[in-house]
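Here's the structure we're looking at; comments come further down.
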Amino acid sequence: MTVPHKDMRTAIANAEVGDDVLDGDPTTKRLEDRVARLLGHEAGLYFPSGTQANQVAIGLLAGPGSEIVVEDQSHIVHYEQAGAATLWGVQVRTVSTADGVLTADRIGSVIRNGGTLLPQTAAIVIENTHSYHGGRVTNLEVLREVRDLADQRGIALHIDGARLWNAAVALGQPLDALGRLGTTVMVSFTKGLGCPVGALLAGPQALIERGVRMRQRLGGAMRQSGVLTAACLYALDHNLGRLGEDHDRARMFAEVLADRKEVTPVVPDTNIVMLDLHTRTASAAAHLLEQAGVKLSVYGPRRLRAVMHLGVVEDQVRHAAETIARVLREGEM
Ligand SMILES: *Cc1c(COP(=O)(O)O)cnc(C)c1O
């Protein structure tokens, strides 16, 4: 829902550029180095999308006939067109959770690495924050335990951190404390950071160098990508530091809607609020609410999703919550 701010567009217009397919784009290089450092990794690689970055991570960490362990409602399962299977011949082994948090306990029993009968687990994927589970945070302790488990079993850990920025803010931790626990970590610039294009994959130098070839294979190499990465650098300077405001607004939004018979908001960890409806279906409610000027996504037969972002201010969030309360109560505009 976000659109590039006029100052972000100015940064795009003024970007210093080169050919990133031939000898490099200086702005993109700056972003890759800066974000790799922020995440506690040696090297970074810019991608046109988080989906492509996730898929390259899977290609790097898992080979044909192996499997990856992922949470059942994760982006990799729902929105990546079975890329792990079609691109790499990798089986996706899903683990369902009530809250989106894949703990070492939950993963331990499904990892398989021995004998000739069973497929071998190559990697674990942790989605942090977990989108489908309402921006749920996996904390540092759980992540450390998963990393220890991965090390013990000799497998890799990929962090799908499209919203890792939000997790770091919610936990009050520096990004690298979370990022360094992954063998690889993906972050997105198009969610809370409000950029038009892009994601980044960080990891060890040797792995990222192989990633450059995989990105080329998938058609993800871009020429003067500095016009895109200038927006990302702008966002790190101007939009990263304000993510806490989105979390405050999510809490306020949920509080306005608490204790009502028509709806139960799930108490948010970050910037996403899931609303469980008791008197209407989600699609009927979404339709009524859109007519009243509030757009929400349908996330289940009785579940709506609201996302706080830099395109809305506090008064709009309060107005939206009050409108939802009124429309659900009265059923009209
Ligand atoms: C958005 C998202 C992605 C993919 O990013 P795109 O840039 O939209 O391809 C991956 N994982 C999660 C958790 C996401 O929310």
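Take D99 and tell me if it is in a helix (DSSP H, G or I) and either touching a Cys at 6+ places or on another chain (Cβ under 8 Å) or in the same structural domain as G161 (by TED's automatic domain parsing) (or both). Break it down stepwise before answering.
On the way: in a helix (DSSP H, G or I): no; either touching a Cys at 6+ places or on another chain (Cβ under 8 Å) or in the same structural domain as G161 (by TED's automatic domain parsing) (or both): yes.
Judged against the criteria, D99 is not a match.
Looking at region 172-238, the helices (runs of 4 or more DSSP H) lying wholly inside it that each contain 2 or more residues that are more than 16 Å from the ligand (Cβ to nearest atom) and without any contact (Cβ under 8 Å) to a residue 24 or more places away in the chain sit at 205-217.
Let's see how each residue does on (1) over 16 Å from H133 (Cβ atoms); (2) surrounded by fewer than 17 Cβ atoms within 10 Å (Cβ to Cβ); (3) without any contact (Cβ under 8 Å) to a residue 40 or more places away in the chain; (4) charged (D, E, K, R):
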| residue | (1), (2), (3), (4) |
| --- | --- |
| R249 | yes, no, no, yes |
| E255 | yes, yes, yes, yes |
| R280 | yes, no, no, yes |
| A292 | yes, yes, no, no |
| L296 | yes, no, yes, no |
| V307 | no, no, no, no |
| R318 | yes, yes, no, yes |
| A325 | yes, yes, no, no |
| G331 | yes, yes, no, no |
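Restricting region 126-156 to residues that are free of Cβ contacts under 8 Å to residues at least 40 places away in the same chain and buried (at least 21 other Cβ atoms within 10 Å of the Cβ), which is farthest from the ligand (Cβ to nearest atom)? Looking at the filtered set, the residue picked out is A150. A168 fulfils the conditions (1) touching a strand residue (DSSP E or B) at 6+ places or on another chain (Cβ under 6 Å); (2) surrounded by 24 or more Cβ atoms within 10 Å (Cβ to Cβ) except for a single criterion, (1). Before we move on, is V146 in contact with a strand residue (DSSP E or B) (Cβ under 7 Å, 6 or more places away or on another chain) and not in a helix (DSSP H, G or I)? When the stated conditions are applied, V146 does not pass them.
Taken over region 69-96, the criterion of being small (G, A, S), away from the ligand (no atom under 16 Å from the Cβ) and outside any loop (DSSP other than H, G, I, E, B) is satisfied by A85 alone.
Given the criteria among the hydroxyl-bearing types (S, T, Y) and not in a loop (DSSP other than H, G, I, E, B), does T10 qualify?
Details: among the hydroxyl-bearing types (S, T, Y): yes; not in a loop (DSSP other than H, G, I, E, B): yes.
It is true that T10 is among the hydroxyl-bearing types (S, T, Y) and not in a loop (DSSP other than H, G, I, E, B).
Candidates in region 27-60 are the residues that are within 11 Å of the ligand (Cβ to nearest atom) and within 22 Å of A122 (Cα to Cα); of these, the one that is surrounded by the fewest Cβ atoms within 10 Å (Cβ to Cβ) is T51.
The values are calculated or read from the model by the stated rules, or taken from the named source; none is laboratory data. This structure is a prediction, so every number in the text was calculated from the model and none was measured. Virtual Cβ from ideal backbone geometry, glycine too; neighbours counted across all protein chains shown.
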